[in-house]
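Below: the structure, in structure tokens.
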């Protein structure tokens, strides 16, 4: 069995977008010639009130956005682990996009593994 080499990748953003799709904030974009396995996707509500967050997956193969989480309420000063014990796989050009309810204070963090794959152009 051949061991697959990878680089670890972590990204975090403070969300400002209040609409999804091309208007949303890009948390992560999988680079050309790579695949990525997301191991964790955490949402942190820094406000004191419950607010809603949405997370989309942009699929580069067909240029479409798909909802992973749509208007999920996160209690004030709390966190939400989107994947729990699952993983999510991305390919070159795929993205994770986030947006929130107006007046919210959210940070979103991901951590994963990027694998070089020359068969995956941008």
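Answer with yes or no whether residue 82 is farther than 26 Å from residue 119 by Cα, touching a strand residue (DSSP E or B) at 6+ places or on another chain (Cβ under 7 Å) and surrounded by 13 or more Cβ atoms within 10 Å (Cβ to Cβ). Explain how you work it out, then say what you get.
Numbers: farther than 26 Å from residue 119 by Cα: yes; touching a strand residue (DSSP E or B) at 6+ places or on another chain (Cβ under 7 Å): yes; surrounded by 13 or more Cβ atoms within 10 Å (Cβ to Cβ): yes.
The answer is yes for residue 82.
When the range 110-119 is filtered for residues that are more than 14 Å from residue 4 (Cβ to Cβ) and surrounded by 17 or more Cβ atoms within 10 Å (Cβ to Cβ), only 110 remains. Of all residues in the range 61-79, count the ones that are over 13 Å from residue 107 (Cα atoms) and touching a strand residue (DSSP E or B) at 6+ places or on another chain (Cβ under 7 Å). Adding up the residues that qualify gives 10.
Within the range 90-109, work out how many residues are surrounded by 12 or more Cβ atoms within 10 Å (Cβ to Cβ) and without any contact (Cβ under 8 Å) to a residue 60 or more places away in the chain. So the answer is 0. Exactly one residue out of 23, 50, 63 is at positive phi, at pLDDT 95 or above and loosely packed, with under 15 Cβ neighbours inside 10 Å: that is 63.
The values are calculated or read from the model by the stated rules, or taken from the named source; none is laboratory data. Predicted, not measured: the structure shown is a model, and the values here were computed from it. With ideal geometry, Cβ positions are generated from the backbone for all residues, glycine too; neighbour counts draw on all protein chains shown.
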